[in-house]
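These notes concern the structure reproduced below.
The values are calculated or read from the model by the stated rules, or taken from the named source; none is laboratory data. Quick caveat, the model's predicted, so the values are computed rather than measured. Don't worry about glycine lacking a Cβ; one is built from the backbone with ideal geometry, like all the others, and counts go over all protein chains shown. We work out accessible area using only protein heavy atoms, side chains counted, and drop any ligands, DNA or RNA first. Shrake-Rupley method; radii C 1.70, N 1.55, O 1.52, S 1.80 Å.
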Amino acid sequence: MAKSTMKFKTEVSQLLELVTHSLYSNKEIFIRELVSNASDALDKLRLEGLRNKKILENNTDFRININFDKDSKTITISDNGIGMNKDEVIENIGTIAKSGTKEFLAKLKDLKSKDKNADTDQLIGQFGVGFYSAFIVSERIVINTKKAGSEEPAVRWESDGKEKFTIDESDRTERGTEIILYLNKENEDFASEWKIKDIVKKYSDYISYPIMMTVQREEKPKDKDGKEIEDAPSVTKYEDQTLNSMKAIWQKDKKDVKDEEYKEFYKHISHDWEEPLEKIHFGVEGVLSYKALLYIPKKAPYDLFMRESKIGVSLYVKNVFIMDDNKNLLPEYFRFIKGVVDSADLPLNVSREILQEDKMLEKIKTNLVKKILDALKKMKEKEPEKYLEFYESFGKVIKEGLYTDFENKEKLADLVMFESSKTEKGKLTSLKEYVSRMPEGQKDIYFIAGEKREVLENSPHLEKFKAKDFEVLFFTDPIDEFITNNLTEYDKKEIKSIGKGEIDLGEDESAKKEKEKASKKFKSLLEAMKESLKEDVKEVRVSDRLTSSAVCLVSEEHGMTPQMEKMFRAMNQEVPKTKRILEINPNHPVFDNLNSIYDADKEDARIKDYSELLFDQALLAEGVMPKDPVKFAHKMADLMVMESKQK
């Protein structure tokens, strides 16, 4: 292998610049990050060894070593895990193409623009850039690594964290990875036994592999009775010490685990700098036995809505790591949950294919979902402010469950929240709270869908509902209207869109007769308007919704609304054009005037012009541009000229 020099990608160079100058406020976490990476490498080897024992080379003494040299001012962290070949080193270290660097930099820029003194540590784990934290304390880093089970030569990677890195052949003969940090002058104090021990105890005590350190001791020789010989020169001795307890925290009784331990374990498994919002720790014994420790994060990870987003719960069997990203443990809408599940009943050599059909795992999944839903319900009832913090980050994902998890639909319905016509901007209400405020005479739950609250709260569709003091929910998330395909009712009350179909607001007989009378009065005009707008509307009819506005657009009872069309198009799905219904307010003076024009001359060009103006007006009320803005502007100008001449 010939030595080669390569340039970091632009994003990585920017990241390294930030890391070495201002990114981390807590330098010591570089040990946590590198130890966590070593643990992951051992997990991968152990998992691969279940399928292919040869890869283990008869060496199952899995361990992580941390050593330091005060004279050379170095810290060396090594493992005998899966290791890397040349291509993997370049991909994982040199380019970090899959680690979210661009997203990280964008988030960091946004955070700093809002607050120059913002704590940027919170972004570390979310974007998988933890390895680069080592450059905070190092002027140079060398990696020697050899891929387990591979005939390829070992690889040496070296960089000062600036613009370039070198790749060369390494003389390492054993599988695994060794990282040598050459400390810079400001951070030479990290090459200290007590400091490294303290950091490992603080951040990595729960790692399931021994973290070893070779410790040097000066001792006096002893006589045959075991007493020190005072005048004899000291003897240098070396011993390997285990720095971590390796006690699986999830196996402990809850009362024996300190809150700080829970927090540090969360940071270890999630690579999140912030503390978790909530933890769920429980065990089940009997026909099915397992332990679970789950965490609800405070903030959503950057890849929450990306296709490659992973489930954050790892599966263990009898304390042995089996796999992460296990989509059989939790439904997709709980993909943000972090933690571990440890079963005493599954076989160690279980495969993903077997797990897909495993009934025991299905029972575990059912119970995990129940525990999480119960915890969220309790949080919502007992700690509403804390729940709102959760909902701000994960509300959209919870809504996904309403159309994917029929079994838990009712429990999920109790968790979702929306703004409404009776809440202040930014304030949310639940369906339960909505129902409690329903006035006498209101039979259904009503909503209106759109992109912005400002448009919705001024929508003509709301006029009759405001007059009757009926609350209307504002569906502003693209997914909101979609979930009503499955969530059709709540508390035995139908959930209805005020922009679809006919609306029955419990009007008395006199109101119904007035509508019939208006429909007859304007019948010919409505037919003429329909003909003028035949390319855009399916029908023109008298409205039950309007009290002051002239017109509004509605969809058919089972038709697709513009918001739904937009969502499907965003998913690259073909959506046929849907003609909507134009509803008119028969009490608005414009229609008496228009009716008079029609009665005088059925071919009057103004019928078509005014029909188009009214249609464009209905679009504008929804926050949508007119079909032909220039034509609309000309007609409005002509109308103003005509009006001014009459005066």
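Table for the structure above
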item: First in segment 614-634 and at positive phi, second anywhere and open to solvent by less than 40 Å² (accessible area, probe 1.4 Å), Cβ under 8 Å, 6 or more apart; result: GLY623/GLY450
item: Filter pass, LEU376 being at pLDDT 95 or above, touching a strand residue (DSSP E or B) at 6+ places or on another chain (Cβ under 9 Å), of a type outside the set (Phe, Trp, Tyr) and within 29 Å of LYS464 (Cα to Cα); result: no
item: Checklist (1) modelled with pLDDT under 90; (2) exposed (fewer than 15 other Cβ atoms within 10 Å of the Cβ) applied to GLU261, failing item; result: (2)
item: All positions within segment 23-34 that are at pLDDT below 90 and open to solvent by less than 30 Å² (accessible area, probe 1.4 Å); result: LEU23, TYR24, ILE29, PHE30, ARG32, GLU33
item: Conditions (1) assigned to a strand (DSSP E or B); (2) surrounded by 11 or more Cβ atoms within 10 Å (Cβ to Cβ); (3) modelled with pLDDT under 85; number of the one not met by MET246; result: (1)
item: Spans of helices (runs of 4 or more DSSP H) in segment 547-647 with at least 3 residues surrounded by 20 or more Cβ atoms within 10 Å (Cβ to Cβ), touching a helix residue (DSSP H, G or I) at 6+ places or on another chain (Cβ under 8 Å) and not hydrophobic (A, V, I, L, M, F, W, C); result: 605-621
item: Qualifying residue in segment 485-502 (condition: in a helix (DSSP H, G or I), modelled with pLDDT under 90 and either within 23 Å of PHE447 (Cβ to Cβ) or among the charged types (D, E, K, R) (or both)); result: no
item: Any hit, segment 194-217, residues being part of a loop (DSSP other than H, G, I, E, B) and over 39 Å from the mean Cα position of the chain (by Cα); result: no
item: Flag for PHE470 being among the aromatic types (Phe, Trp, Tyr), in a loop (DSSP other than H, G, I, E, B) and surrounded by fewer than 17 Cβ atoms within 10 Å (Cβ to Cβ); result: no
item: One residue from ASP240, ASP225 being closer than 30 Å to ILE29 by Cα and open to solvent by 30 Å² or more (accessible area, probe 1.4 Å); result: ASP240
item: Which listed residue is crowded, with 17+ Cβ neighbours inside 10 Å and not hydrophobic (A, V, I, L, M, F, W, C), from TYR182, TYR132; result: TYR132
item: Selected residue (only one of LEU346, LEU288, LEU315, LEU293 is outside any loop (DSSP other than H, G, I, E, B), more than 26 Å from LEU431 (Cβ to Cβ) and modelled with pLDDT under 90); result: LEU315
item: Filter result (open to solvent by 50 Å² or more (accessible area, probe 1.4 Å), closer than 23 Å to LEU456 by Cβ and either more than 16 Å from the chain's Cα centre (by Cα) or aliphatic (A, V, I, L, M) (or both)) within segment 371-430; result: LEU388, TYR403, LYS422, GLU424, LYS425, GLY426, LYS427, LEU428
